[in-house]
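Heads up: the structure comes next, in structure tokens.
The values are calculated or read from the model by the stated rules, or taken from the named source; none is laboratory data. Owing to the predicted nature of the structure, the values given are computational and were not obtained by experimental measurement. In this analysis, Cβ positions are derived from the backbone assuming ideal geometry, glycine residues included, and neighbour counts consider all displayed protein chains.
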């Protein structure tokens, strides 16, 4: 199976083109945000206040990069565990967020919201932060600079390798893999 090439931002049409298990090279702009930034965004949403970023059509990479060394754009930038953002994700999807990049499983509420709002969840390979950082061409802090590595950043990525885990059709690559394994290896 070859890789699909997707240019960000995401649209319904682009999301519908992606299926669980697809290997994808993403290019374009994404937001980088982790736990602390998500908590602040959720508080703004709860209080009906304006967000510092527009989520419509956007993708968020769950990453808190390390500081850049001299001559680098960004330090190590590997994915963090996505489940920590699950309590915030359905609301963000309802506001137009179309994609998330991280690692690990998503809960049922997130998987339902991915279907309902025509979104997609990608996994990046954990433990490869130094390699993934080479796919980041530009980085700038756009909100919550006081959070340091957890500030919201705008990243420009090129040929960033991910795999579709949860697609807008309700498919879950992790679940499919477990079922396939159990079918071949009875307990």
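Would you check if residue 80 is touching a residue at least 60 places away in the same chain (Cβ under 8 Å) and either over 22 Å from residue 167 (Cβ atoms) or buried (at least 17 other Cβ atoms within 10 Å of the Cβ) (or both)?
When the stated conditions are applied, residue 80 does not pass them.
Take the residues of region 161-187 that are in a loop (DSSP other than H, G, I, E, B) and at pLDDT below 85: which is farthest from residue 3 (Cα to Cα)?
Out of the qualifying residues, it is 187.
Given (1) farther than 13 Å from residue 153 by Cα; (2) under 12 Å from the mean Cα position of the chain (by Cα), identify the lone condition not met by residue 47.
(2)
For residues that are modelled with pLDDT of 95 or more and either surrounded by fewer than 18 Cβ atoms within 10 Å (Cβ to Cβ) or not in a loop (DSSP other than H, G, I, E, B) (or both), tally how many sit in region 54-76.
6
For region 108-133, how many residues are exposed (fewer than 14 other Cβ atoms within 10 Å of the Cβ) and in a loop (DSSP other than H, G, I, E, B)?
1
Looking only at region 40-53, which residues are within 20 Å of residue 119 (Cβ to Cβ), outside any loop (DSSP other than H, G, I, E, B) and in contact with a strand residue (DSSP E or B) (Cβ under 9 Å, 6 or more places away or on another chain)?
Residue satisfying the conditions is 41 alone.
Taking region 108-155 on its own, how many of its residues are within 11 Å of residue 32 (Cβ to Cβ) and under 14 Å from the mean Cα position of the chain (by Cα)?
Residues flagged as within 11 Å of residue 32 (Cβ to Cβ) and under 14 Å from the mean Cα position of the chain (by Cα) within region 108-155 amount to 4.
Since residue 153 meets every condition but one in (1) under 15 Å from residue 68 (Cβ atoms); (2) in a helix (DSSP H, G or I), which condition does it not meet?
For residue 153, the exception is condition (2).
Of all residues in region 83-104, how many are over 22 Å from residue 11 (Cβ atoms) and either part of a strand (DSSP E or B) or under 12 Å from the mean Cα position of the chain (by Cα) (or both)?
Qualifying residue count for the region: 5.
Looking at the structure I just gave you, is residue 156 farther than 25 Å from residue 41 by Cα, in contact (Cβ under 8 Å) with a residue 24 or more places away in the chain and surrounded by fewer than 23 Cβ atoms within 10 Å (Cβ to Cβ)?
No; evaluated as a whole, the condition is false for this residue.
Restricted to region 134-147, and to residues that are touching a residue at least 40 places away in the same chain (Cβ under 8 Å) and surrounded by fewer than 21 Cβ atoms within 10 Å (Cβ to Cβ), which residue is farthest from residue 11 (Cα to Cα)?
Among those residues, the one meeting the criterion is 147.
Looking at the structure I just gave you, is residue 37 surrounded by 16 or more Cβ atoms within 10 Å (Cβ to Cβ), touching a helix residue (DSSP H, G or I) at 6+ places or on another chain (Cβ under 7 Å) and part of a loop (DSSP other than H, G, I, E, B)?
no
Which residue, of 6, 15, 30, is closer than 18 Å to residue 163 by Cα and touching a helix residue (DSSP H, G or I) at 6+ places or on another chain (Cβ under 8 Å)?
The conditions single out 6.
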